[in-house]
Amino acid sequence: WYVTGVQLEAGSVATPFEQRSYGAELALAQRYYAKMTASTGTYTAFGSGIWASVSSGNIYIKFPTTMRSTPTINQSNCAINDTGALYPITSVGTTYAGTDTAFQAFIVASGGTIYRPAVIGANNNTAAYVELTSEL
């Protein structure tokens, strides 16, 4: 026994049935939570920027969709690449974010060269991710 196409309404007047596409539903859900993963490659890049100090890379990240509000940004198994050398991220620092993009400080133990280009990506690990949370 299956029930499909049911729509609950508040009040006594029914509105036309609304059926959204998968893409529309996904975009609406991603306003609250999005996760950029490295499932397709061990060195997938998530954003780029510049080394602000020997232990902090300031990285620009473009969100996959407009978020509901400024998100909290977390990462796992990521590193900052400095022309071939990988520096594992130890923590997430100051964020200057909006609902479409962020300029995020990612902290490493040391090793970066100030003012050089920096890229955040998977640290040779397909389980790496950057997640954006904008829950209610």
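The values are calculated or read from the model by the stated rules, or taken from the named source; none is laboratory data. Quick caveat: nothing in here was measured; it's all calculated off a predicted structure. All Cβ positions, even for glycine, are placed from backbone atoms using ideal geometry, and neighbour counts span all protein chains on display. These area figures cover heavy atoms from the full protein model, side chains too; ligands, DNA and RNA do not enter into them. Shrake-Rupley method; radii C 1.70, N 1.55, O 1.52, S 1.80 Å.
Being more than 16 Å from Tyr33 (Cα to Cα) and in contact with a strand residue (DSSP E or B) (Cβ under 7 Å, 6 or more places away or on another chain): is that true of Phe63 here?
Numbers: more than 16 Å from Tyr33 (Cα to Cα): no; in contact with a strand residue (DSSP E or B) (Cβ under 7 Å, 6 or more places away or on another chain): yes.
In short, no.
Give me the residue from the range 79-126 that is under 14 Å from the mean Cα position of the chain (by Cα) and of a type in the set (Gly, Ala, Ser) and, out of that set, nearest to Ile61 (Cα to Cα).
Ranking the qualifying residues of the range 79-126, first place goes to Ala102.
Output the qualifying pairs, or none if there are none: Cβ atoms under 9 angstrom, residues six or more apart or on different chains, first residue in the range 93-106 and without any contact (Cβ under 8 Å) to a residue 60 or more places away in the chain and in a strand (DSSP E or B), second residue loosely packed, with under 15 Cβ neighbours inside 10 Å and among the basic types (Lys, Arg).
Pairs found: Thr101/Lys62; Ala102/Lys62.
For the range 22-55, which residues satisfy the criterion of being within 30 Å of Thr83 (Cβ to Cβ) and of a type in the set (A, V, I, L, M, F, W, C)?
Ala34, Met36, Ala38, Ala45, Phe46, Ile50, Trp51, Ala52, Val54, listed by residue number.
When you go through Phe46, Phe63, Phe106 one by one, which is the residue that is of a type in the set (A, V, I, L, M, F, W, C), open to solvent by less than 60 Å² (accessible area, probe 1.4 Å) and in contact with an Asp or Glu (Cβ under 8 Å, 6 or more places away or on another chain)?
Phe63
Answer yes if at least one residue in the range 82-89 is part of a loop (DSSP other than H, G, I, E, B), modelled with pLDDT under 95 and either within 24 Å of Thr40 (Cα to Cα) or open to solvent by less than 40 Å² (accessible area, probe 1.4 Å) (or both), and no otherwise. Talk me through it step by step, then tell me what you get.
Residues of the range 82-89 that are part of a loop (DSSP other than H, G, I, E, B), as a first pass: 83-84.
Filter once more, keeping what is modelled with pLDDT under 95: 83-84.
If we keep only those that are either within 24 Å of Thr40 (Cα to Cα) or open to solvent by less than 40 Å² (accessible area, probe 1.4 Å) (or both) too, we end up with 83-84.
Yes - at least one qualifying residue is present in the range 82-89.
Report the residue count in the range 32-43 for those that are surrounded by fewer than 17 Cβ atoms within 10 Å (Cβ to Cβ), within 13 Å of Val130 (Cβ to Cβ) and not hydroxyl-bearing (Ser, Thr, Tyr).
1
Read through the list (1) assigned to a loop (DSSP other than H, G, I, E, B); (2) modelled with pLDDT of 95 or more; (3) small (Gly, Ala, Ser), then give the number of the only condition that Ser39 fails.
Answer for Ser39: the failing condition is (2).
Which condition from (1) among the aromatic types (Phe, Trp, Tyr); (2) open to solvent by less than 70 Å² (accessible area, probe 1.4 Å); (3) out of contact with any strand residue (DSSP E or B) (no Cβ under 9 Å at 6 or more places or on another chain) is the one that Tyr2 breaks?
(2)
Only residues that are open to solvent by 70 Å² or more (accessible area, probe 1.4 Å) and either closer than 17 Å to Thr133 by Cβ or part of a helix (DSSP H, G or I) (or both): list them for the range 5-25, please.
Once the filter is applied, which keeps residues that are open to solvent by 70 Å² or more (accessible area, probe 1.4 Å) and either closer than 17 Å to Thr133 by Cβ or part of a helix (DSSP H, G or I) (or both), the range 5-25 yields Tyr22, Glu25.
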